[in-house]
1. Mind giving me the nanometre distance, one decimal, between the label points for residue 60 and residue 16, set 7 Å out from Cα along Cα→Cβ?
2. In nm, to one decimal, how far is the residue 81 label point from the residue 48 one, both placed 7 Å along Cα→Cβ?
3. Using just the Cα positions, wrap segment 4-68 in a convex hull and report its mean projected area in square nanometres, one decimal place.
4. Run through all the Cα pairs of the chain and give the fraction in each 5 Å bin from 0, expressed as whole percent.
5. Can you pull the one-decimal nm distance between simple spin-label points at residue 162 and residue 38, each 7 Å off the Cα toward Cβ?
6. Using alpha-carbon pairs under 8 Å, 6+ residues apart, how would you state the relative contact order of segment 4-68 in percent?
7. Relative contact order for the chain using alpha-carbon pairs under 8 Å, separation at least 6, rounded to a whole percent?
8. If you average the sequence gap of Cα pairs under 8 Å that are 6 or more apart and divide by the length of segment 75-189, what percent do you get for the contact order?
């Protein structure tokens, strides 16, 4: 696997990240991610400060070019169908997340609702991975977050500074926007922004 695109995309999603923070999103182990980051830094695509990495302007340009190349090779109709079905799930997840923040007493029911939504998401991710193989790590990331939630660590539902269910959901949404050539602004105008 050429790791350039997954690493650059993961950095775009996360902003600044340590190598270990990129492991779940890239789908490679920490030593491999460190090697990829060192190569990207040597090429001027990534900058590192204090153990955290970020894209440089050249890295953003390279990522944009790689995403265009990738999109040209993928089944656009399959990706459109995945996006359409994601929009329906997104509305349900947004409702669940909003209710979670407002209703401590109803959280058990919300966890049951999440448990029902999760298999539908996994089925959608199977279709996405078939259309865009680079997205395969999303299923493992969601499984990991759900496992943490089910073990009682409810911060893994909406926690902003970890690979929580919501964080991964947001990144998946961004991924689908890019894979289908959409922008966050256009989605907001259509009432589909997260």
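Every number in this text was worked out from the coordinates using simple rules, so none of it is lab data. The shown structure was predicted, so the numbers you read here are calculated from the model rather than taken from an experiment. Here Cβ is always computed from backbone atoms with ideal geometry, including for glycine, and neighbour counts include all displayed protein chains.
1. 1.6 nm
2. So the label points at residue 81 and residue 48 sit 4.3 nm apart.
3. On the way: hull surface 14.8 nm².
So the mean shadow area of the Cα hull is 3.7 nm².
4. For the chain, the pair-distance distribution reads 1, 7, 15, 19, 19, 16, 12, 7, 2, 1, 0.
5. The modelled label-to-label distance comes out at 3.1 nm.
6. Numbers: 77 pairs, mean separation 24.1, N = 65.
Over segment 4-68, the number comes to 37 percent.
7. 18 percent
8. So the answer I get is 24 percent.
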